[in-house]
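Visitor: I'd like to ask some things about the structure below.
The values are calculated or read from the model by the stated rules, or taken from the named source; none is laboratory data. Since we're looking at a predicted model, the values are computed, not measured. In this analysis, Cβ positions are derived from the backbone assuming ideal geometry, glycine residues included, and neighbour counts consider all displayed protein chains.
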Amino acid sequence: MELVWNNSLLYNSPGSEIYKLAYDLRDSFYAKAQRLNLSVVSEKDDQWIKTCLSLIDELRKNSNAKLFNQPVDYRGLNLPDYPKVVKKPMDLGTVKKN
């Protein structure tokens, strides 16, 4: 999950719409995870995994998350420097699959 937010914050300028969305979604995810008392130390626990996947599903349904649900089409968006800046691309759809 960190890669989704960090890549967005790395590539986009502070104050840009995508930058703001990344911050908002990150904060929303961690607030919900905290309310559910999730911690990384329990990641091998099946219930922890199910809860995280449920959180990701909920986040992906957020209208502000649509830009983060699939890999960035940097060619289609004419962002030729994207792969030079973002070394490990990640999106919520890929997180969900893995």
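Visitor: If you scan region 63-96, which residues turn out to be hydroxyl-bearing (Ser, Thr, Tyr) and part of a helix (DSSP H, G or I)?
Guide: Across region 63-96, the qualifying residues are 63, 82, 94.
Visitor: Further question on the same structure: How do the pairs read when you match residues in region 7-22 that are without any contact (Cβ under 8 Å) to a residue 12 or more places away in the chain and aliphatic (A, V, I, L, M) with residues anywhere that are surrounded by 16 or more Cβ atoms within 10 Å (Cβ to Cβ) and outside any helix (DSSP H, G or I), using Cβ under 9 Å and keeping only pairs 6 or more apart or on different chains?
Guide: So the pair list comes out empty.
Visitor: State which residue pairs qualify: first residue under 15 Å from residue 24 (Cβ atoms) and inside region 60-80, second residue part of a loop (DSSP other than H, G, I, E, B) in any location, beta carbons under 6 Å apart, and separation of 6 or more residues or different chains.
Guide: Within 6 Å, the pairs are 60/69; 68/91.
Visitor: Output the residues belonging to region 15-40 that are within 19 Å of residue 91 (Cα to Cα) and of a type in the set (A, V, I, L, M).
Guide: 18, 21, 22, 25, 33
Visitor: When you check residue 57 against the structure, is it over 13 Å from residue 8 (Cα atoms), of a type in the set (Asp, Glu) and assigned to a loop (DSSP other than H, G, I, E, B), yes or no?
Guide: Judged against the criteria, residue 57 is not a match.
Visitor: Quick one: is residue 46 more than 12 Å from the chain's Cα centre (by Cα) and at pLDDT 95 or above?
Guide: In short, no.
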